[in-house]
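Just below is one structure, and these are the notes that go with it.
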Amino acid sequence: MTHPELTLEERRFGETTRQDAWWLQPLVVFLGLTTFGIYSAWAAFQNAHYTFGPYLSPFYSPELFGSSYHSWFGDKPGWWPLWLPFSPAFLILWAPLGFRLTCYYYRGAYYKAFWADPLSCTIGEPRKGYRGEHSFPLIIQNVHRYFLYFALLFLIFLSHDAWKGFWFKDGSGTTFGVGIGSLILVGNVFFLGGYTLGCHSLRHLVGGFLDRLSSAPVRQSTYNCVSCLNRRHMMWAWMSLCWVGFSDIYVRLCSMEILTDWRFF
Amino acid sequence: MATATFKIWRGDANNAAFVDYESEVSEGMVVLDAVHQIQAQQANDLAVRWNCKAGKCGSCSAEVNGNPKLMCMTRLNELPLDQPISIEPMRAFPLIKDLVTDVSWNFEVKTKIKKFNPRPPDAEDGTWRMAQEDIDRVQEFRKCIECFLCQDVCHVLRDHHLHKEFIGPRYFVHNAALEMHPLDTENRLEELKESDGIGYCNITKCCTKVCPEHITITDNAIIPLKERVVDQFYDPLRKLFRIFRSRT
């Protein structure tokens, strides 16, 4: 595309005439994501205190290999390299991490907070070169829909975990009960569901790709539901992120006998 | 009557700076009223573009306290009048004089976008039939008043000056209005990926925040177009599916 040369003023990093607290939002995002990243990495490396009674921490679900009774295929696999520390979380965390990392909301948020590209709207940037998501490496963000497929699978696994969280083993066998942990795991599925089912890629795949949605009524209803959740995608993203961390902390503290899991019945 | 200080950008592309003006402010005034008052009383040669004073023509776009806004829709009582109010021209376009910029690049971009190409008429009288729910989605994009505030705030144009490789949010909205139209038969995805540079958008949502017509530019126009580009160019499963479908 050819256009006449545009002569525009270069601006310095941080240059702005904005008077509001424009730095607050990127700072909160930076602190929030950094805190979550450090905590989740620490929790994943622990390989301990991730179950309590019928509860399984969402950081370790599904437990493909591991030492708890939630494990699908038994203990640590023989093929796992001896020099590499093992945790059941390492086998599965790549999927939710990839889903969030390539999420349209998080992309915009962390480009601002971690890469200052831009730090906030109309704030001068630190570097001149820019490739965006037009070429490598960020063109890889287009893989988001594939992580969505895994995220939908995980939603099924976590729903199953939440259901199992109502079945307590005691002297007389397995009985139905409701503990604080049961409700926390249900909350986790609720918030993750709100986030995953409001995904921009899902919105496209269920019907957004069509120009005449009226010709596919089921798609249209699904598209409307996803669009409804999508309008508050940022809220769901943060609520689900906080709740998944909170769920792990709760299970961990109960398992370490710092907290008592209070049972309603 | 209360007074306030207005720092207005004065000059041309070669030499410009903020000039302070003290001016009286009264209830109900908007920024454009203050600029007109200063123009009438203190700076007769102050250049400002304006027309409808009702937020519908998109002429009086500027940056008020660093935020891209329509001057006619920015009420003074929403601003901290105890501090000087800065009024600057849009930074993503070349300055002509004072608050007036050359936005002609935008109109050139528009001429390059494939025009609306409807399918053959549905009825013998040359008319078409559309469902209201299909047209509702693109109706949002038709609200655009071409104020170019979204272009101004977009850092790809404003800071990286990629005007040759990137058409900006306004024209992604225009593309979306055409591409998602239930009657349109044209395919604009290759242009969106290549010459229009949709990949440069990194979803900061600044364009959505400044839109005076509250068009959900990022979520309803840009991201759906990005997803359509993924469908056509980056999704191997979709490609396989298309090959399989074309053979059956």
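The values are calculated or read from the model by the stated rules, or taken from the named source; none is laboratory data. Everything numeric in this text was worked out from a predicted model, so none of it was measured. Ideal geometry is used to build each Cβ from the backbone, glycine not excepted, and the neighbour counts take in all protein chains shown. All accessible areas refer to the heavy atoms of the entire protein, side chains included, with ligands and DNA or RNA removed. Shrake-Rupley method; radii C 1.70, N 1.55, O 1.52, S 1.80 Å.
Remarks
- Burial of 40 Å² or greater, the range B:172-205 residues [accessible area, probe 1.4 Å, versus chain by itself]: B:G199, B:Y200, B:N202, B:I203, B:T204
- Set B:K112/B:K164; B:K7/B:K69; B:K143/B:K226; B:K193/B:K226 screened for pairs whose C-alpha atoms are more than 19 Å apart: B:K143/B:K226
- Residues listed by number, the range A:206-227, amide nitrogen under 19 Å from B:R142 label point at 7 Å toward C-beta: A:211-215
- Probe 1.4 Å, accessible area per residue of the range B:3-101, Å²: 44 Å²
- Viscosity 1.306 mPa s, temperature 10 °C, Stokes-Einstein D of the range B:104-239 from Kirkwood C-alpha radius, µm²/s: 101 µm²/s
- Heavy-atom accessible surface of chain B: percent carbon and sulfur, 1.4 Å: 51 percent
- A loss of 20 Å² or more of accessible area (1.4 Å probe, protein heavy atoms, ligands and nucleic acids excluded) relative to the isolated chain is seen in these residues of the range B:220-247: B:N220, B:I223, B:K226, B:E227, B:R228, B:V230, B:D231, B:Y234, B:D235, B:L237, B:R238.
- Phi to ³J(HN,Hα) by Karplus 6.51 cos²θ - 1.76 cosθ + 1.60 over the range A:256-265, Hz, x for Gly, Pro: 7, 6, 7, 10, 9, 7, 6, 9, 6, 7
- Residues listed by number, the range A:48-76, amide nitrogen under 15 Å from A:R263 label point at 7 Å toward C-beta: A:52-55
- With all protein chains in place and ligands, DNA and RNA left out, the 1.4 Å accessible area ranks A:H160, A:H200, B:H161, B:H214 as B:H214, A:H160, B:H161, A:H200, largest first.
- A simple spin-label model places pseudo-atoms 7 Å from Cα toward Cβ; at A:K76 and B:D12 they are separated by 7.6 nm.
- Geometric extent, Cα atoms of the range A:1-142 - Rg, Dmax (angstrom): 21.6, 70
- Chain A: relative contact order as a whole-number percent, Cα under 8 Å and 6+ apart: 23 percent
- Counting Cβ atoms of other protein chains within 10 Å of each residue's Cβ and taking the mean over peptide B:159-168 gives 5.
- Spin-label pair A:F246/A:S135, simplified geometry with 7 Å Cα→Cβ offset, distance in nm: 4.5 nm
- In Å², nearest 10: area of A:M239 left accessible to a 1.4 Å probe: 80 Å²
- Scalar couplings 3J(HN,Hα) for the range A:60-67, obtained by applying the Karplus form with A = 6.51, B = -1.76, C = 1.60 to θ = phi - 60°, are 10, 10, x, 7, 5, 10, x, 9 Hz; x denotes Gly and Pro.
- Segment B:E27-B:M73, length gained on full extension (0.36 nm per residue, minus Cα span): 15.1 nm
- Take each residue of peptide A:120-132, count the partner chain Cβ atoms within 10 Å of its Cβ, and average: the result is 6.
- Between B:H181, B:I222, B:H155, the Cα set farthest toward the positive side of the dipole of the range B:104-239 (charges on each charged residue's Cβ, about the Cα centre) is that of B:H155.
- Reduced Cα scattering model of the range B:93-136, Debye log10 I(q)/I(0), q = 0.14, 0.17 Å⁻¹: -0.63, -0.70
- Take chain A with all the other protein chains still there, run a 1.4 Å probe, and you get 50 Å² of accessible area per residue.
- With every protein chain in place and a 1.4 angstrom probe, the accessible-area ranking of B:F116, A:F13, largest first, reads A:F13, B:F116.
- Buried on assembly, the range A:135-149 (at least 40 Å² less accessible surface than by itself, 1.4 Å probe): A:N142, A:R145, A:Y146
- Between A:S172 and B:E190, the simple spin-label model (points 7 angstrom out along Cα→Cβ) gives 7.3 nm.
- Close amide H contacts of A:E133 (hydrogens built in the peptide plane, cut-off under 5 Å, sequence separation of 5 or more or a different chain): B:Y200, B:C201.
- Principal-axis tilt of helix A:104-115 within chain A, Cα atoms, nearest 10 degrees: 70 degrees
- Chain A and chain B together bury an accessible surface of about 5100 square angstrom, both sides counted, with a 1.4 Å probe and no ligands or nucleic acids included.
- Atom-type composition of the exposed protein surface of the range A:171-246 places 71 percent of the accessible area on carbon and sulfur (1.4 angstrom probe).
- Residues B:V210, B:V229, sorted by accessible area with the largest first, give B:V210, B:V229 [1.4 Å probe; ligands and nucleic acids excluded].
- Peptide ranges A:214-220, A:79-85 listed from the most packed, as the mean C-beta count within 10 angstrom indicates: A:214-220, A:79-85
- Computed over the Cα atoms of the protein assembly as shown, pair by distinct pair, the Kirkwood hydrodynamic radius stands at 26.0 angstrom.
- Computed magnitude of the charge dipole of the protein assembly as shown (debye, nearest 20; Cβ of K, R +1, Cβ of D, E -1): 1320 debye
- Alpha-carbon Rg with Dmax, taken over chain A, Å: 22.2, 83
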